[in-house]
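Below is one structure, written out as structure tokens; the observations come after it.
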Amino acid sequence: MIMRRRQQGVALMIVLLVVTIATVLSVSIAKNQHRAISSATRYFDRAQAYYYATGGEEYARQLLARDFKERPEQDDLSEAWAATDLAFEFESGEVDIVIQDLQSVFNLNDFISSNEGNSLIAEKLSLLSSQIGLNPSWMDELLDFSDIDGEVRPGGAEDYYYLGLERPYRTSGQPLQDLSEIRLLRTMTDEAYGRLSEVMTVLPTAGGALNVNTAPPMVLQTLATDLNLESATSLAESRLRVDGFESVEQFLQQPELAGLAVKPAGLGVQSSFFKVNTRARFGSQIVFLTSFVFRDATTGKMTVYQRKNNERFTPFVPEEEILANGL
């Protein structure tokens, strides 16, 4: 009798042990399965969000292509591609699109296209630097950083300076590939880069015209030494009233430019380079896609020549707000 009770007790302990092990294994399997399902769901949602983003890029290309067919000789902020409400909602997701004219700001590769820099754009960049409170010496640093002659300009720096840093690196010796490269310049600070990035860009070619129909007031102000920000803002307001200037000549006839002898060289009313910022969400996943688009000024053929993933951007600011703040 006693032996039978002992055997029953051992059997009960074995059963309890088996139940415990089975419970632990079941919980572990359930957790692993939940983790795998969650991971797969996130992967699927992120992939779907990326497809939404590429769809946003394609929609922007169609807008730009349609704009070229309707008015190939002119680009301004009254056109559909410049709309501030390019936002679309789908089941479980949404897409926001912002299209920026890259010829509305200065192309730094125009400045460094020759060792001495283009004198006209050098004058504008120097004036702009003063307007935003920067020492124009960064311009000499940029020319030294991009050339291959090894000769130091008065405010510049060559390889030997950068190689002597705690984290050494060489100068590029070529045109800029991305605006962020100027952060490597000797005196460039985060604050200075932030100011410059609002009014400058980097294009793969030099010689493009600055579009006076899309340039912000701060850029327009550099067209003449005596042109103040108030007059530049008035110019920007004028183009809104007439849906953009049809020609550079019409722009130069504006009363704000009377007597200032603004040179038409380097100015235009048409653009070929655009930046498409797309924010796409599907489920809990958000994807940022930045696409750089070239539109041939003769044929209208569209080419995406560069893409960047997950470069965050701020929502589009209407020009009325830009004018109110004098940006």
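The values are calculated or read from the model by the stated rules, or taken from the named source; none is laboratory data. A quick note: this is a predicted structure, and the numbers were derived from the prediction, not measured. All Cβ positions, even for glycine, are placed from backbone atoms using ideal geometry, and neighbour counts span all protein chains on display.
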Looking at segment 114-127, is at least one residue surrounded by 15 or more Cβ atoms within 10 Å (Cβ to Cβ), within 26 Å of the chain's Cα centre (by Cα), at pLDDT below 90 and among the β-branched types (Val, Ile, Thr)? yes
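Given the residues Glu166, Glu191, Glu158, Glu151, which is the only one that is crowded, with 18+ Cβ neighbours inside 10 Å and either among the acidic types (Asp, Glu) or assigned by TED's automatic domain parsing to the domain that holds Tyr305 (or both)?
It is Glu158.
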Of the residues Leu267, Leu240, Leu323, which is of a type in the set (A, V, I, L, M, F, W, C), in contact with a helix residue (DSSP H, G or I) (Cβ under 9 Å, 6 or more places away or on another chain) and modelled with pLDDT of 90 or more? Leu267
Can you go through Leu203, Leu163, Leu227 and tell me which one is under 21 Å from Gly266 (Cβ atoms) and free of Cβ contacts under 8 Å to residues at least 60 places away in the same chain? Leu227
Does segment 240-256 include one or more residues that are touching a strand residue (DSSP E or B) at 6+ places or on another chain (Cβ under 6 Å) and farther than 23 Å from Phe68 by Cα? no
Select from segment 242-290 the residues that are closer than 30 Å to Tyr52 by Cα and either in contact with a Cys (Cβ under 8 Å, 6 or more places away or on another chain) or in a loop (DSSP other than H, G, I, E, B) (or both) and list them in ascending order. Gln270, Ser271, Ser272, Gly283, Ser284
Residue count, segment 76-99 (criterion: within 17 Å of Thr303 (Cβ to Cβ) and not aromatic (Phe, Trp, Tyr)): 1
